[in-house]
Every structure is written in C-alpha cells, then in structure tokens.
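K.L.:
Structure incoming, see below.
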C-alpha cells in the first residue's frame, strides 16, 4: 500500500484563516463576518482565497441567501471550531471553564420571539453572560439556503434540504374582538354572522405560510379591515376596535379587554417547527439555545393552546363575558 506523504508545515491551513471561515459560515456574508472580526471585506476575501489554495478546493459556495459551506468547507469549519474551543479554554476564567460564548442567530415569528424565545434566552444568559443571541422576527416558510442563521422557527411542517427539522409544539388561534367593539356592534353568534364584521389579520398578498390562511378558508366573505405583516399590530388593532382579529390565543388571552368569539368553531391548531443547519448542533452555544427553546415551549404549552383560565366565565358563543 502506498502511503501519502505527510503534509509539510507550509501546507497546513492558517488558524486565523480557519476562524475567518467560521465567521463567514455563521453570518453568511463577508461584510458581516468582517465587522464581527474587526477586519475589512477585502482582507476576509483574501484570507478565504488563501485557505482555499492551501486546502486545494472551494470552501464556500454562493447561494441566494449568502455564502454556504461546501463539503470541504464543512470539514474546515469543524477544525476551526476546535481552534475556537481551544482559544476559549485558554482565555476563559479558570473557575468557570464551561461558559458558553459566541453569537447564535435565529429567526422566528413575532409572538414566538417575544413570549418564548426572549425569556428562554434571558434565563440562559443569566448562566452564560458571554452568550449573545440575535433574533430576526419574520413569518415565512423555512429557507432553502439559511446562510447566517443557526436556528429557524416556522409555522407548519417545513420542506427543506440539507437541514434538520423537528416539531417544537402547537399553538391555537381564535377569533377575538374588544369589549368596546362588541358593545357597539354586537357579538356574532354564528359563523355566518362574522361576515357582517371586518377582519384584522395578515396582508393576504404577502402571506407566505399556507397554514395561516384559515380566515380566508373558513369565512372567505369576511372583508379585510386593517392588515399587517406583524401579529402585534393585529392584537393592538383588535383592541382598538378595528374589527375582529384572528389572533394567537397565547397573545390575545393576555388582554382582559379582548373576548374570544365562537371558540367551538374557530380553534385553528398549528405547529411550530424548528429548522437547523446540519452543523449547528455541534456548536455548544447553539445546542444550549435549542434546549432552552424546547424547554420554554413545553412549559408554555397551556397558554399556547388557549386553555381557558379556571376563574373565567363563559357566555354563549363567547370565551369570557362582554359585560
């Protein structure tokens, strides 16, 4: 058997170049990686080119969303993670060797970000104060190219390639109106009666998630009132009397001035899914955030599903009293 010659010192990749590659892999962009490393874009590009020359192949490929690792780049990034861990160990506090550091980037819907992700991350950061988490709020399908994102939280089962996906839990949506609105316009007691009222919901032409089309499917003749891409706007517009809102129960039930309408007819149960890059869970910080999100989702199950509060009175066709 013929043995390959051992690599010479000149053929080994530069540790700094590996760390630069890791930064590009995590951010998906040369400019963002350069900013995080306090370098300029040209230097990052030049060092990636030098790394590719030493390794004898491309480590990054261009996608719609930015830059993604090639197979060779994935192996190089794994080596870079080892370098990063070694540096963190040497520079860390001796009494706290297991501290998580670095930046975890995720995207999630507005409500999930505020009521699940934010408290989960805050609790985790109390134990790991050097951990940073960036959250992009957006309601969309899972991306096919998720450069720069470690975690995605989406509504509905995703169809993705080169990614890991699992269901986090479910949440419920229902029809709500403010007490003042119902006092002025009356409470609908049937599904047909809803068509006499305007709908507060997503902008139909911009809705990217098929699972969220319930109002147009269940009451297609209900006219739009105030539409927005942000669910917090839906809640506040409904509270202000703009119409009847189709709202996540865990967000609407926080407000005593909102009344749930026709709960037996409108109880749309949708799943939250988590999508991860294949290499993400190898990063201790990402794995810790994933565990925190799963635990917080499980702990928040009852509000997510819109279960009635024990002391709540229920009027016919309503969840709560209008008085």
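The values are calculated or read from the model by the stated rules, or taken from the named source; none is laboratory data. Model, not experiment: these values are computed from the prediction. Glycine also receives a Cβ, built like all others from the backbone with ideal geometry; neighbour counts cover every protein chain displayed.
K.L.:
Only one residue in 85, 61, 107, 147 is assigned to a strand (DSSP E or B) and at pLDDT below 90. Which one?
P.N.:
Values: 85 fails: assigned to a strand (DSSP E or B); 107 fails: at pLDDT below 90; 147 fails: assigned to a strand (DSSP E or B).
Going through 85, 61, 107, 147 in turn, just one is assigned to a strand (DSSP E or B) and at pLDDT below 90: 61.
K.L.:
How many residues does the stretch 269-278 contain that are surrounded by fewer than 19 Cβ atoms within 10 Å (Cβ to Cβ) and in contact with a helix residue (DSSP H, G or I) (Cβ under 9 Å, 6 or more places away or on another chain)?
P.N.:
So the count comes out to 3.
K.L.:
Still on this structure, I have one more. Which count do you get for residues in the stretch 208-220 that are touching a helix residue (DSSP H, G or I) at 6+ places or on another chain (Cβ under 9 Å) and part of a loop (DSSP other than H, G, I, E, B)?
P.N.:
Qualifying residue count for the region: 2.
K.L.:
Among residues belonging to the stretch 219-229 that are touching a strand residue (DSSP E or B) at 6+ places or on another chain (Cβ under 9 Å) and farther than 26 Å from residue 256 by Cβ, point out the one that is surrounded by the fewest Cβ atoms within 10 Å (Cβ to Cβ).
P.N.:
223
K.L.:
Quick one: is residue 100 assigned to a loop (DSSP other than H, G, I, E, B), modelled with pLDDT of 80 or more and touching a strand residue (DSSP E or B) at 6+ places or on another chain (Cβ under 7 Å)?
P.N.:
yes
K.L.:
Additional query: Considering only the stretch 25-41, how many residues are surrounded by fewer than 20 Cβ atoms within 10 Å (Cβ to Cβ) and either touching a strand residue (DSSP E or B) at 6+ places or on another chain (Cβ under 8 Å) or assigned by TED's automatic domain parsing to the domain that holds residue 280 (or both)?
P.N.:
2
K.L.:
Being crowded, with 22+ Cβ neighbours inside 10 Å and either part of a loop (DSSP other than H, G, I, E, B) or in the same structural domain as residue 67 (by TED's automatic domain parsing) (or both), is that true of even one residue in the stretch 230-241? Steps first, please.
P.N.:
Of all residues in the stretch 230-241, those crowded, with 22+ Cβ neighbours inside 10 Å come to 231, 234-235, 238.
Still in the list and also either part of a loop (DSSP other than H, G, I, E, B) or in the same structural domain as residue 67 (by TED's automatic domain parsing) (or both): none.
No, the stretch 230-241 contains no residue that is crowded, with 22+ Cβ neighbours inside 10 Å and either part of a loop (DSSP other than H, G, I, E, B) or in the same structural domain as residue 67 (by TED's automatic domain parsing) (or both).
K.L.:
Just to check your reading of the model, which residue among 165, 183, 192, 214 is surrounded by fewer than 18 Cβ atoms within 10 Å (Cβ to Cβ) and within 16 Å of the chain's Cα centre (by Cα)?
P.N.:
Step by step, each of 165, 183, 192, 214 is checked, and only 165 is surrounded by fewer than 18 Cβ atoms within 10 Å (Cβ to Cβ) and within 16 Å of the chain's Cα centre (by Cα).
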